[in-house]
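The values are calculated or read from the model by the stated rules, or taken from the named source; none is laboratory data. Predicted model, so just to flag it, every value in this text is computed and none were measured. No Cβ is skipped: glycine too gets one built from the backbone with ideal geometry, and neighbour counts run over all protein chains shown.
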Amino acid sequence: MLDKTFFRYLLKLSVFTLTVWSFISGLLQGLLGYIDPATFGPEQALAPILPLFLTCLLNAGVVLWMTKRTSLTERKLGALIFAVVFGVMFFLPQIETVYFNSALQVPLGVIGATLVSGIGVGLVSAKIAMQFQQEGQAPIGSAPLRARYTAGKIVALAVLYVVLYFVFGYYIAWQSPAVRVFYNGSRSLVPFWAHLKQQAVGLFVLQFARGVLWALLGYLLVVNLPLASTRERIVIVGLALSVGLAFPVLVPNPYMPWAVRRVHFIELLVENFVFGAVTAWLFAQKSVPAG
């Protein structure tokens, strides 16, 4: 798996996604007036490059790993990669950005620029993954898995996501005074159940809806990774749903201080890896090749 061609595509995908992401986002934010050329110098431009490249590098590794284990080819492969990259790294995180924007204060134009840049990153990832497969780096033509899909499993996973969201959110993120001050304006820490009672009903509904979307992404991955063993599939889905979500949080931005970002990074990485792993395990039960 880790041959010269793999590393060549790993570097290619990392550089292209970094370039597209930075260029589109920077261009749109500049056109919308959110970047002031008079104050935006080389130091501000270079500060996010290393964590952004790390994000692109790790995500590229996951994308190529998925490509080597999928049953899809050509446009279907591209659609899968686009859905995972755009959904995990851009669409689902921006839903929360909008909900918590009273604390974050992110201009709607910046959110829009992020989503547009995400479309570019998703398309580039899809294109390079297809090239990687066409070069013979991934077996093709294998039948997808017939995982036992039921609405009950999706609902159960959505409920699980809500539980993980609040448990990891409280016992990892909310233990930080910086996080409590940032979102709540207070350093006081109340017990877990009291904390839950303080949350708006809308937040529970929102996280349940996001849980449904996360579960559907996980299902989409599971059935299209027939070349992976059950254990490997669990790891791939866990990484696919967590790496692209958590690592962008490390990128410096003017809306969230480092003390808050570093705690959220740990929370998101652990929470979504566990959710992805459970999703893969649940759907992989009694899965067999279709056909």
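Only one of VAL155, VAL190, VAL205 is farther than 21 Å from ASN101 by Cβ and part of a helix (DSSP H, G or I). Can you tell me which?
It is VAL155.
Restricting to the stretch 131-146, and then to whatever is crowded, with 19+ Cβ neighbours inside 10 Å and part of a helix (DSSP H, G or I), can you tell me which residue is modelled with the lowest pLDDT?
Residue satisfying both the conditions and the ranking: GLN133.
Determine whether the stretch 109-118 contains at least one residue that is of a type outside the set (Lys, Arg), more than 18 Å from the chain's Cα centre (by Cα) and farther than 15 Å from TRP21 by Cβ.
Within the stretch 109-118, one or more residues are of a type outside the set (Lys, Arg), more than 18 Å from the chain's Cα centre (by Cα) and farther than 15 Å from TRP21 by Cβ.
Before we move on, is LEU227 surrounded by fewer than 20 Cβ atoms within 10 Å (Cβ to Cβ) and either touching a helix residue (DSSP H, G or I) at 6+ places or on another chain (Cβ under 8 Å) or at pLDDT 95 or above (or both)?
yes
Does the stretch 218-227 include one or more residues that are among the aromatic types (Phe, Trp, Tyr) and without any contact (Cβ under 8 Å) to a residue 60 or more places away in the chain?
Checked against the condition, which is being among the aromatic types (Phe, Trp, Tyr) and without any contact (Cβ under 8 Å) to a residue 60 or more places away in the chain, the stretch 218-227 yields no hits at all.
In the stretch 75-95, how many residues are under 19 Å from LEU206 (Cα atoms) and surrounded by fewer than 16 Cβ atoms within 10 Å (Cβ to Cβ)?
1
Of ALA259, ALA215, ALA277, which residue is out of contact with any His (no Cβ under 8 Å at 6 or more places or on another chain) and either surrounded by fewer than 16 Cβ atoms within 10 Å (Cβ to Cβ) or of a type in the set (Lys, Arg) (or both)?
Result of the check over ALA259, ALA215, ALA277: ALA259.
In the set LEU241, LEU268, LEU250, LEU245, which member is touching a helix residue (DSSP H, G or I) at 6+ places or on another chain (Cβ under 8 Å), surrounded by fewer than 21 Cβ atoms within 10 Å (Cβ to Cβ) and within 22 Å of GLY122 (Cβ to Cβ)?
Within the list LEU241, LEU268, LEU250, LEU245, the selection yields LEU250.
Which number in (1) at pLDDT 90 or above; (2) out of contact with any helix residue (DSSP H, G or I) (no Cβ under 6 Å at 6 or more places or on another chain); (3) under 24 Å from LEU221 (Cβ atoms) marks the one condition that VAL63 misses?
That leaves (2) as the condition not met.
Rundown of residues vs (1) under 24 Å from VAL85 (Cβ atoms); (2) hydrophobic (A, V, I, L, M, F, W, C); (3) in contact with a strand residue (DSSP E or B) (Cβ under 9 Å, 6 or more places away or on another chain), yes/no style:
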| position | (1), (2), (3) |
| --- | --- |
| VAL179 | no, yes, no |
| ASN184 | no, no, no |
| HIS195 | no, no, no |
| VAL212 | yes, yes, no |
| ALA215 | yes, yes, no |
| VAL223 | yes, yes, yes |
| ALA246 | yes, yes, no |
| VAL263 | no, yes, no |
| LEU268 | yes, yes, no |
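Just to be sure before I move on: is ALA209 of a type in the set (Gly, Ala, Ser), closer than 30 Å to LEU145 by Cβ and either at pLDDT below 95 or out of contact with any Leu (no Cβ under 9 Å at 6 or more places or on another chain) (or both) in the structure I sent?
yes
Looking at the stretch 170-185, which of the residues that are among the aromatic types (Phe, Trp, Tyr) and under 19 Å from ASN272 (Cβ atoms) is surrounded by the fewest Cβ atoms within 10 Å (Cβ to Cβ)?
Among those residues, the one meeting the criterion is TYR171.
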